[in-house]
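The structure appears right after this line, and notes come after that.
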Amino acid sequence: MADIAVIGGGAAGAAAFGELLSRFDGGTVHWIVGQHAPGRGVAYGTSDDQHLLNVRASAMGVFQEHAEDFIQHAARQLGQVKGTDFLPRRLFGDFIQAQVGARIDAARRAGRSFRIHPQSAREVVSRGPGGYAVRVGADRWLEVGEVVLAVGALAQRPLRSVSTTALAGGAYELDPWRLDRHPQSPRRVMVIGTGLTAVDTLLSAAIRWPHAELVAVSRHGLLPFTHAALPLTPYARQEELNRALLASEGTAAMFRHVRAAMSDAGDAEWRSIIDGMRPVNAQLWQQLSHPRRRQFLRHARWVWEAARHRMAPATGEAIYQLQEEGRLQVLAARVLDVDGTAPLQVTLRERSTQLVSALEADLVIQATGLDTAVAYGAHDLLSQLLRDGLAVADPLQLGVLARPDGQLTDGEGKPVPGLHAIGSLLRGNLWECTAMPEIRVAAHRLAVRLSQQSPVSRESASELP
Ligand SMILES: Cc1cc2nc3c(=O)[nH]c(=O)nc-3n(C[C@H](O)[C@H](O)[C@H](O)COP(=O)(O)OP(=O)(O)OC[C@H]3O[C@@H](n4cnc5c(N)ncnc54)[C@H](O)[C@@H]3O)c2cc1C
C-alpha cells in the first residue's frame, strides 16, 4: 500500500484521520490541516457558548468508537449533563481534539506512521496508477496513493446584488463568524439569511451590540423550527411511511405521503416524522432525477431545511425573546441591491406585497448557508482539480460528482482511482452528509475500505466500467 493524505482540518478531516490512524498500517497517514486549530473547523471553532449544537449530546461523536463519550467529556467541564441536552459547540470542538489526541497516542504506541501538516494543500497532481503528488504549503510535495478531500464548504461568495462599493467599504461582512472585525457599535445590523448560521449570528450580534436594532431577511423569512426539549415519541408507522416514500415517484408524491402521515401521527408529531426519515433521505435523493432535484431545491428546500435542521430549544427561546422585545425583525423579502458605504443602502422587495423599499444598515452580514458551488468558488485546490479533470462539479452545484461511498467519479460515473471526499462535497450524491452522525459513519467506512484495499485493487478500479 502507499501513503494517504487527508486534506482539511475540520471535523470531517479529524474523523477520517482518526479512523485511518487506528487501522491503516500500509504507509504514512498525512493530515493536512491548514492554518486553523485542527479538528474544529467552521462549526466547532466558535468560542461563543450561546452557539449550541443542534443535535442532542447523545448523538454527537466523531468516531464510531470513542475512548470516552461526549456526555462524559462534557460532564467533566459542566457537571451534570444529560444525553438529551443541546450543549455548546465549543465543547464538542474540545471533545474532537481530545479524541484525536487519544488516537494519536495509540498510533504512536502501535508504531504507526503519521504526519500532521499545519499548511494548506495547494495542488493534487495525478501520477498515473502510482497515485498522486500533493503540494503542501509553498513547495513541499507528498507522494501518496490515496487522497481524501475533507475541505468543507466554500468561503461565501458575495451575493450578486452587492455592489463593489459596498464590498470595498468594510460594512459588508462575508464571514458571519468574524463580528470581531467590527469594533464600532452599529445602530442597525442586517443579517442576510434566516437559517442556523444566521440565528447564531443574530445571537452574537445581540450580545456584542446591545443597542443595535437587528434585521434578518430571507426570501421566505422562515426561521428554523425548534427541537422539542425532550425526544419525541416516534411515529408508529414510520417504516411504512419510509417504504412508501422510497416507492413514490417525484417530490409531489413524497410530500403527499408526508402530509398524510402528519395528519395520522397520533401521539407522535411532525418533528418525529421528519427525523424518522433520516435513514432513507440519501436514498430518496438519489432516486430523484436531476430536474426533480432542481425542482426540490427551488421550491421545497427552504421549508425542508427549516424543518429538518432545527434550533436547540434555548436558541429558539433567545431568538423569540429578541423578537418579542422588538429588537429583532424578520423579513420575507428579496435583497435587490446593497450599495453605498456606511451606512449601506439595502433595497428589498417584500414577498407578500412585492413592494420595493430601502433600509439603511451600518453592518450587513451575509449568512446564506453552505456554499458548495465548486465551479464558481474561489477554492484554489478544488479549482485546480476541476481544471485538471480530476474532479467534476455536480450539475446542481452541490459539490463534486462522486459515488455514495465518497469515491470521486468522472462525468460518465467512472471512479477516479485514489480520490475520495467526505462531508459537504458529497451533497450532490447524498444530500445529507454534513452532520456528525453521517460524517462519522462515512469516515469509518472510508477508512475500512482504504485499509483493506491492495494496490492491485486500486489500479484495477480505474478499469471499472
Ligand atoms: C455553524 C454550524 C453549526 C453546525 N452544528 C452542527 C451540530 O450541532 N451537529 C452536527 O452534527 N453538525 C453540525 N454542523 C454540520 C457541520 O458541517 C459538521 O458537523 C462538520 O463540522 C463539518 O466539518 P467539515 O470538516 O466537513 O467542514 P469544515 O468545518 O468547513 O472544515 C473544513 C476545513 O478544511 C480546511 N481546508 C479547506 N481547504 C483546505 C486545503 N486546501 N488544505 C487544508 N485545509 C483546507 C478549512 O479551512 C476548514 O478548516 C454545523 C455546521 C455549521 C456550519
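Bear in mind that the values in this text are calculations on the coordinates, not laboratory data. Worth saying up front: this structure is predicted, and the values here are computed from it rather than measured. Heads up, the Cβs are rebuilt from the backbone with ideal geometry, glycines too, and the neighbour counts pull from every protein chain shown.
Take each peptide in 432-441, 192-201, count the other Cβ atoms within 10 Å of every residue, and average; sorted highest first, the result is 192-201, 432-441. The modelled label-to-label distance for the pair GLN295/TYR376, using points 7 Å beyond Cα in the direction of Cβ, is 2.3 nm. Rounded to two decimals, the Cα radius of gyration of the stretch 186-259 over 2.2 N^0.38 Å is 1.68.
Stokes-Einstein diffusion for the chain at 10 °C, viscosity 1.306 mPa s, with a Kirkwood radius from C-alpha pairs, works out to 67 µm²/s. Positive contributions from Lys and Arg (+1) and negative ones from Asp and Glu (-1), summed over other residues with Cβ under 15 Å from the Cβ of ALA121, come out at -3.
Residues within the reach of a label modelled at LEU246 (point 7 angstrom out along Cα to beta-carbon, backbone nitrogen below 18 Å), restricted to the stretch 420-440, are 430-432. Computed from the Cα positions only, the extents of the stretch 1-137 along the three principal axes stand at 53, 30, 20 Å, in decreasing order. Sparse packing (at most 15 other Cβ atoms within 10 Å of the Cβ) combined with a DSSP loop state is found for the following trypsin sites (Lys or Arg not before Pro) in the stretch 63-171: LYS82, ARG160. Over the stretch 302-376, the fraction of Cα-Cα pairs per 10 Å bin, rounded to whole percents and listed from the shortest bin up, is 14, 33, 41, 12, 0. Between ARG178 and THR347, residue separation times 0.36 nm minus the direct Cα-Cα distance comes to 58.4 nm.
Rg/Rh for the stretch 238-308 stands at 0.94; both radii use Cα atoms, and Rh follows the Kirkwood definition. Determine which residues of the stretch 371-415 fall in the zone a paramagnetic label at GLN286 would reach in this model, i.e. backbone nitrogen under 20 Å from the point 7 Å along Cα→Cβ. Of the residues in the stretch 371-415, 392-415 have backbone N under 20 Å from the label point off GLN286.
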